[in-house]
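Visitor: This structure is in structure tokens; I'll ask about it shortly.
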Amino acid sequence: MAFKEKEIDVRSLDAHMLSSNDAGKRNETKACGIRFIKIEGSSDQTYEAYLNQPESLNSWGDVILSAGALGCPQILMLSGIGPEKHLKNFNLSLVLDLKGVGQEMKDCPAIALLADTKAEYQVTGIAKDFKFIVQGGILPISFNATRMPIAIKLAFPESEGKLKLSSTDPRQNPSVQFNYLSKEEDMDECIEMSQLLERVTRSKSVTLFLKTVPQNNLMSTPDELRNFCKNNVRTYYHYHGGCTVGSVDKDYKVYGIKGLRVIEGSTFLESLGTNPMATLLMLGRYQGIKILREREIASLFPNQQHP
């Protein structure tokens, strides 16, 4: 990104965005490129990449951030875009006070049972209006042995947490708190999932394929199921959020920063519950087509200002 007035020294996961103040528009910050470091290199040795502005267009194009639900809010914060008070704790230069960055972090809580140690099948099912996703998979534990856990996941949790920086070193992981089952609605759903999970592992359609008696490590009373959920909640690594409402608009453009978009699962208010890869691919293709059309229009009307 080219600087017109002053360069802002900011950092990100592998890169940090460079920005400039547009002399023609007061208080407008424009993303023009990235500054990055090599994973194996020193944080003091940085490299830069800039957008080219076609001579026939007023538009510089966009810096597109797609670094995962954890990486995107971390990069924005390390680039000076995020809650002002939090950034000041790390002596980061503030580019824009966006309080929504790092907020509304969500993950789909899951629980699992070890159904069999010598399984030879895999099954996936969806229950309760697509809210519970049940999956049985085969995991190798040695060269000649496998085990089969049956897991169930809550697709649309109410509980949410936040992401914060733990360091200004872009290679350090941020601090994330998802607050699993903190909402009573999620705990009630987890209790129901536990009961369903036990029924699944004991069903004829499952035990037909089992070579040993299913292991029952669930209790029966609501309090015991509640404790089971607290002690055994796990993740499917399908987390999302961190760059949602108040961070990006309907076109995935970061509020207050021209030429910067976040096109990634961090912008999702909720996950479909299944693996998000297909959804992310469709999002990328859809937004890519929109951006190409915007450039087409800009090339037809080069003297007009475009957003």
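FYI, it's all coordinate maths here, none of it is from the lab. The structure presented is a predicted model; accordingly, all values stated were derived computationally and were not measured. Note that each Cβ is placed from the backbone with ideal geometry, even for glycine, and that neighbours are counted across all protein chains shown.
Visitor: Considering only Cα-Cα distances, which of the following residue pairs are longer than 18 Å: Lys253/Lys290; Lys250/Lys290; Lys162/Lys183; Lys85/Lys164; Lys85/Lys250?
Guide: Lys85/Lys250, as the Cα separations exceed 18 Å there.
Visitor: Same structure again: May I ask you to derive the FRET efficiency for Ile141 and Glu296 from their Cβ-Cβ distance with R0 = 51 Å, giving the value to the nearest 0.05?
Guide: The computed FRET efficiency comes out at 0.40.
Visitor: Quote to one decimal, in nm, the extra length available between Glu40 and Arg202 on full extension: 0.36 nm per residue of separation minus the C-alpha distance between them.
Guide: Fully extending the segment from Glu40 to Arg202 adds 53.3 nm.
Visitor: Further question: I want the local charge near Leu292. Using Cβ-Cβ distances under 14 Å, sum +1 for each Lys or Arg and -1 for each Asp or Glu among the other residues.
Guide: Net charge in that neighbourhood comes out at +1.
Visitor: Please give me the summed charge of the neighbours of Asp62: other residues whose Cβ is under 14 Å from its Cβ, Lys and Arg +1, Asp and Glu -1.
Guide: Net of charged neighbours comes to +3.
Visitor: If I model a spin label at Asn232 and Ser175 as a point 7 Å from the Cα along the Cα→Cβ vector, what separation in nanometres do I get?
Guide: Each label point is offset 7 Å from its Cα along the Cβ direction, giving 3.1 nm.
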